[in-house]
Amino acid sequence: MSVTLHTTLGDIEVEIFCEAVPKTAENFLALCASNYYDQCIWHRNIKGFMIQTGDPSGSGKGGQSIWGKPFSDEIRSTLKFNNRGILAMANSGPDTNKSQFFITYAKQPHLDGKYTIFGKVIDGVDATRRDGTCARESEE
């Protein structure tokens with residue numbers, strides 16, 4: 001299944017891996033359908049690494065799943081951070097997924113097995129610049 005994220009950087013169409021990670025897909029799609037992500041800013045942007053959103057407070061410390069509590073990781077050995085444009089749940093440790101997610105700017109193999117990958121960008125990757133930056137530049 002694909003969805004389009006309408007951002008201030010441009011539209012980003014993403015494919016969601018519903019069969020591989022059903023719980024994560026259900027959470028993300030339900031949050032999208034409820035307009036949960038509307039007005040969320042890209043609160044974390046690390047050049048050459050990733051851009052992160054999904055916290056309505058904008059602080060990077062908030063967010064909630066559709067179940068009102070964190071949910072378990074769905075790590076799959078077949079899903080890897082092997083390309084630009086991989087979508088994954090941000091977390092604060094194992095089994096702490098809520099609403100925050102990130103999109104990679106490049107391969108990030110050191111993240112394999114640590115974050116639930118649930119999709120990939122299929123169109124609109126140019127909404128983020130080729131050099132791994134976006135409209136809100138920061139160096140973390």
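Read the figures in this text as sums done on the coordinates, not as results from a lab. On a predicted model such as this, the values are computed, not experimentally measured, just so you know. Positions of Cβ are backbone-derived with ideal geometry, glycine not excepted, and every protein chain shown enters the neighbour counts.
A P(r) calculated from all alpha carbon pairs of region 48-90, with 10 Å bins opening at zero, reads 20, 45, 32, 2 percent. Loop-resident chymotrypsin sites (Phe, Trp or Tyr not before Pro) (DSSP state other than H, G, I, E or B) in region 1-89 with no more than 16 further Cβ atoms inside 10 Å of their Cβ: Phe49, Trp67.
Start at zero, step by 10 Å, and the Cα-Cα distances of region 56-121 spread as 22, 52, 25, 1 percent across the bins.
Exposure proxy check: Ile66, Ile75 ranked by fewest other beta carbons within 10 Å?
Details: Ile66 18, Ile75 14.
Listed from fewest to most nearby Cβ atoms, that is Ile75, Ile66.
For region 65-105, the residues whose amide N sits under 18 Å from a probe point set 7 Å from the Cα of Ala30 along the beta carbon direction are 65-74, 89-90, 95-101. When the Cα positions of Gly93, Val14, Trp67 are compared along the charge dipole of the chain, Gly93 comes out farthest toward the positive end, with charges on each C-beta of Lys, Arg, Asp and Glu. Across region 69-78, rounded Karplus estimates of 3J(HN,Hα) from the backbone phi angles (6.51 cos²θ - 1.76 cosθ + 1.60, θ = phi - 60°) give 7, x, 10, 5, 5, 10, 6, 10, 5, 7 Hz, Gly and Pro being marked x. Out of [x] 13.5, 37; [y] 15.9, 49; [z] 15.5, 52, which label holds the value of Rg and Dmax of the Cα atoms in Å that was computed here? Looking at Rg and Dmax of the Cα atoms in Å for this model, the match is [x].
Per residue, the average separation of C-alpha pairs within less than 8 Å and at least 6 apart gives the chain a relative contact order of 30 percent.
Ranked highest first by average number of other Cβ atoms within 10 Å, how do 94-106, 2-14 line up? Let's see the in-between values first.
Numbers: 94-106: 20.4, 2-14: 15.4.
Going from most to least packed, we get 94-106, 2-14.
Distance distribution note for region 1-53: the fraction of Cα pairs above 19 angstrom is 34%.
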